[in-house]
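Have a look at the structure below before the remarks.
The values are calculated or read from the model by the stated rules, or taken from the named source; none is laboratory data. Quantities reported herein were computed from a predicted structural model and do not represent experimental measurements. Virtual Cβ from ideal backbone geometry, glycine too; neighbours counted across all protein chains shown. Only protein heavy atoms, including side chains, enter the accessible area calculation; ligands, DNA and RNA are left aside. Shrake-Rupley method; radii C 1.70, N 1.55, O 1.52, S 1.80 Å.
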Amino acid sequence: MRKRSVTLTIATFIAAAGFPLTWPTVAAQTPAYRAPRTGDGKPNLNGIWQALNTAHWDVEAHAAAPSVVRELGAIAAVPGGLGVVEGDAIPYRREAQAKKKENYANRLKLDPEIRCYLPGVPRATYMPFPFQIIQSQKHIMMVHEYAGAVRTIYMDNHIEAPADSWMGWSNGHWEGETLVVDTKGFNDQSWFDRAGNFHSDALHVIERFTTRSPETLMYEVTIEDPNVFTRPWKMSMPLYRHVESNARLLEFRCVEFVEDLIYGHLRKQPSK
């Protein structure tokens, strides 16, 4: 009751003083940020970046939830999240919605992350691991700590994907302060998150990395897949630069962590 009284008192004071109860956005007050340039005059995105949200668990809004493994208790519980999907819901086709629910129910067996498969795009961008952007005129590399995943973005030799793969084939170009990356040529094995959100091999991803401040990028991604979704849909989130003086990627060679899970049944049993 006291908390409500304090809140009302503050609101009454603000109104009496003539201050506005709503404030203009920062974007409306400050000019657009212009990043430092590389030698060829393009925005310099070099650095180590990381998303700080819960999209890795579920890109849609979700409440906190218990671990799928009871014995892990709170250690592996799911943190709640506001979601990063524009419009708050992924526009699944009816049959695809059923498959998503099946994926979620069987996520402990089906999630490709469990077996250390490559994370795919865009999932690699918002996993709880940093990634490094290494920029040149003809190529931009995105090196991910998770599983050592690497993306090469071709800036001038744009061709179609020679074969389907986990990370797809990425062609890029600049639009002012924004790096635009067009990626096709995916297999149908990766997921968007731990909640079972998925795609087919018709996936087409368009990403936009826009400089926002010296230490943040705005990441926007459009997802197209007519086999799974009724229309294209979007996600967006900020990415944060690691500013520690010794920032670097460390090894997370998770293949070694799952060998027994995948191949343990093939181990020769000792004779009795």
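When 114, 90 are checked against the criterion of being open to solvent by less than 40 Å² (accessible area, probe 1.4 Å) and either within 26 Å of residue 185 (Cα to Cα) or hydroxyl-bearing (Ser, Thr, Tyr) (or both), 90 stands alone in meeting it. Could you please find all residues in the stretch 195-214 being surrounded by 20 or more Cβ atoms within 10 Å (Cβ to Cβ), under 16 Å from the mean Cα position of the chain (by Cα) and not small (Gly, Ala, Ser)? Within the stretch 195-214, 197, 198, 199, 203, 205, 207, 209, 210 qualify.
Counting only residues that are closer than 19 Å to residue 88 by Cβ and open to solvent by 60 Å² or more (accessible area, probe 1.4 Å), the stretch 33-56 holds 0 of them.
Taking first residues from the stretch 48-74 that are without any contact (Cβ under 8 Å) to a residue 40 or more places away in the chain and among the charged types (D, E, K, R) and partners that are open to solvent by less than 70 Å² (accessible area, probe 1.4 Å) and not in a strand (DSSP E or B), no Cβ contact under 8 Å between residues at least 6 apart in sequence or on separate chains turns up. Considering only residues in the stretch 93-111 that are surrounded by 15 or more Cβ atoms within 10 Å (Cβ to Cβ) and among the aliphatic types (A, V, I, L, M), the one that is nearest to residue 248 (Cα to Cα) turns out to be 110.
Residue 64 - would you say it is open to solvent by 60 Å² or more (accessible area, probe 1.4 Å), of a type in the set (A, V, I, L, M, F, W, C), at pLDDT 95 or above and over 30 Å from residue 139 (Cα atoms)? Taking the combined requirement at face value, the residue satisfies it. Going by what's in this entry, would residue 188 be described as in contact with a Ser or Thr (Cβ under 6 Å, 6 or more places away or on another chain), farther than 22 Å from residue 54 by Cβ and surrounded by fewer than 16 Cβ atoms within 10 Å (Cβ to Cβ)? Yes. Look at the stretch 203-230: where a residue is touching a residue at least 40 places away in the same chain (Cβ under 8 Å) and closer than 15 Å to residue 51 by Cα and a partner is open to solvent by less than 10 Å² (accessible area, probe 1.4 Å) and small (Gly, Ala, Ser), sitting 6+ places away or on another chain with Cβ atoms under 6 Å, you get 211/35.
For (1) at pLDDT 95 or above; (2) touching a Pro at 6+ places or on another chain (Cβ under 6 Å); (3) of a type in the set (Phe, Trp, Tyr); (4) within 15 Å of residue 124 (Cα to Cα), each residue gets a yes or a no:
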| site | (1), (2), (3), (4) |
| --- | --- |
| 201 | yes, no, no, no |
| 211 | yes, yes, no, no |
| 216 | yes, yes, no, no |
| 232 | yes, no, no, no |
| 237 | yes, no, no, yes |
| 260 | no, no, no, no |
| 264 | no, no, no, no |
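Residues of the stretch 247-263 being of a type outside the set (Gly, Ala, Ser), assigned to a loop (DSSP other than H, G, I, E, B) and open to solvent by less than 100 Å² (accessible area, probe 1.4 Å), which ones? 249, 254 - these are the residues of the stretch 247-263 that are of a type outside the set (Gly, Ala, Ser), assigned to a loop (DSSP other than H, G, I, E, B) and open to solvent by less than 100 Å² (accessible area, probe 1.4 Å).
If you check 239, 250 for being under 30 Å from residue 108 (Cβ atoms), more than 17 Å from the chain's Cα centre (by Cα) and aliphatic (A, V, I, L, M), only one passes: 250.
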